[in-house]
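Asker: What follows is a single structure, and I will ask about it in a moment.
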Amino acid sequence: MTDHSFRFTHALCRRPARSCTQGLRAFDMGAPDPDLFDAEHATYMDALRHAGAMVTVLEPLEDYPDSCFIEDPALCLKGTAIVLRPGAPTRLGEAQALKPVLEGMFPEVRDLPGTGFVDGGDILCSDTEVMVGLSARTDLAGVEALRPLVEDLGYTLRIVETPADILHFKTESSLLDAETILATPKLAATGCFDGYRVIETAPLEHAAANAIRFNDHVFVSAGHPRTVERLDKAGYTVAELPMTQAALLDGGLSCLSLRFSLAGGLT
């Protein structure tokens, strides 16, 4: 099946914990409001359902303030879930907490071997390639441990040097279709997307680069009208979602779900 990098049947989400006020952030712009975060998260899940997702919602993990960013501890490809090892010490337990859920959903669940670190926020997948950005949360040992797992699933793996001031590779990039990537001008200028068509975010709208393509919909965080205009002109069906609270914790749209296909739409 083609287009399996953006055509999905399922999404897995975890509601924000009340402890999200203690979540990690590079710059303190204030703590998120747990109630508003929960409301924005509910809007996000409704949008995924509208796009065709069967959404499974997990209860909050109060011991892990960042656990609503469920994309980081796992990678889901072709009916296989790979349990990753997040690079932030306070998030290490999230992967093991998520593993039993994945085992109840996926026909195969594999652990990242070794002792290296990989955050899902540093992984961008096309139909044939897994691009992994080295960052403060993802190291070379982790990526090399991941390589044989994704190669077994028929992908090639490309290592990318993420600029030092970018938290995650996908903070400033996202997949629009099997051949097209949305990225900030700064990240696109590195040449890391050679072989792909790149649509750049508009000036001062770099946060729009963390978008989601889910079936026929592209979701973009609200407040980036010129980037939305560029996507509209390129022929994408775009919807804007509020991400004010996730943004306070350096989070975005992709972080808040694991998107995949299972029986009946297995890719």
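The values are calculated or read from the model by the stated rules, or taken from the named source; none is laboratory data. Note that this is a predicted model, so its numbers are computed, not measured. Glycine also receives a Cβ, built like all others from the backbone with ideal geometry; neighbour counts cover every protein chain displayed. Remember, those area values only see protein heavy atoms, side chains included, never the ligands or the DNA or RNA. Shrake-Rupley method; radii C 1.70, N 1.55, O 1.52, S 1.80 Å.
Asker: State the number of residues belonging to the stretch 176-188 that are open to solvent by 30 Å² or more (accessible area, probe 1.4 Å) and part of a helix (DSSP H, G or I).
Answerer: Selection size over the stretch 176-188: 2.
Asker: What are the residues in the stretch 113-129 that are crowded, with 17+ Cβ neighbours inside 10 Å and either over 20 Å from the mean Cα position of the chain (by Cα) or assigned to a loop (DSSP other than H, G, I, E, B) (or both), if any?
Answerer: Those that are crowded, with 17+ Cβ neighbours inside 10 Å and either over 20 Å from the mean Cα position of the chain (by Cα) or assigned to a loop (DSSP other than H, G, I, E, B) (or both): G116, F117, D119, S126, D127.
Asker: Determine which single condition T156 fails, assuming it passes every other condition in (1) free of Cβ contacts under 8 Å to residues at least 24 places away in the same chain; (2) surrounded by fewer than 16 Cβ atoms within 10 Å (Cβ to Cβ); (3) of a type outside the set (F, W, Y).
Answerer: It fails just one condition, (1).
Asker: I'm checking my understanding of the structure. Among residues of the stretch 165-175 that are of a type in the set (A, V, I, L, M, F, W, C) and in contact with a helix residue (DSSP H, G or I) (Cβ under 9 Å, 6 or more places away or on another chain), which one is most open to solvent (accessible area, probe 1.4 Å)?
Answerer: Among residues in the stretch 165-175 that are of a type in the set (A, V, I, L, M, F, W, C) and in contact with a helix residue (DSSP H, G or I) (Cβ under 9 Å, 6 or more places away or on another chain), the one most open to solvent (accessible area, probe 1.4 Å) is L167.
Asker: Within the stretch 49-58, which residues are open to solvent by less than 50 Å² (accessible area, probe 1.4 Å) and in contact with a helix residue (DSSP H, G or I) (Cβ under 9 Å, 6 or more places away or on another chain)?
Answerer: Passing the criteria: A53, V55, T56, L58.
Asker: Can you tell me which residue is most open to solvent (accessible area, probe 1.4 Å) among those in the stretch 199-211 that are under 26 Å from F27 (Cα atoms) and outside any loop (DSSP other than H, G, I, E, B)?
Answerer: H206
Asker: Taking strands (runs of 3 or more DSSP E) that do not extend beyond the stretch 42-112, which have at least 1 residues that are under 24 Å from T138 (Cβ atoms) and without any contact (Cβ under 8 Å) to a residue 12 or more places away in the chain?
Answerer: none
Asker: Return yes or no: is D28 without any contact (Cβ under 8 Å) to a residue 60 or more places away in the chain, open to solvent by 30 Å² or more (accessible area, probe 1.4 Å), under 26 Å from P100 (Cβ atoms) and out of contact with any strand residue (DSSP E or B) (no Cβ under 8 Å at 6 or more places or on another chain)?
Answerer: Taking the combined requirement at face value, the residue does not satisfy it.
Asker: If you check L77, L102, which single one turns out to be in contact with a Ser or Thr (Cβ under 9 Å, 6 or more places away or on another chain), of a type in the set (A, V, I, L, M) and over 20 Å from L249 (Cβ atoms)?
Answerer: L77
Asker: Further question on the same structure: Among the residues of the stretch 212-267 satisfying the criterion of being among the aliphatic types (A, V, I, L, M) and assigned to a strand (DSSP E or B), which is surrounded by the fewest Cβ atoms within 10 Å (Cβ to Cβ)?
Answerer: A239
Asker: Could I ask something else about it? Kindly indicate which of L176, L187 is in contact (Cβ under 8 Å) with a residue 24 or more places away in the chain, touching a Pro at 6+ places or on another chain (Cβ under 9 Å) and aliphatic (A, V, I, L, M).
Answerer: L187
Asker: Something else now. Within the stretch 190-197, is there a residue that is β-branched (V, I, T) and surrounded by 15 or more Cβ atoms within 10 Å (Cβ to Cβ)?
Answerer: No; the residues of the stretch 190-197 include none that is β-branched (V, I, T) and surrounded by 15 or more Cβ atoms within 10 Å (Cβ to Cβ).
Asker: Just name the residue that is modelled with the lowest pLDDT out of those in the stretch 130-175 that are of a type in the set (D, E) and assigned to a loop (DSSP other than H, G, I, E, B).
Answerer: Only one residue fits best here, namely D165.
Asker: Also, quick follow-up: Within the stretch 3-41, count every residue that is part of a loop (DSSP other than H, G, I, E, B), of a type in the set (A, V, I, L, M, F, W, C) and over 17 Å from the mean Cα position of the chain (by Cα).
Answerer: Residues meeting the conditions: 5.
Asker: Taking L92 as the residue in question, decide whether it is at pLDDT below 95, over 24 Å from L153 (Cα atoms) and either among the aromatic types (F, W, Y) or open to solvent by 10 Å² or more (accessible area, probe 1.4 Å) (or both).
Answerer: yes
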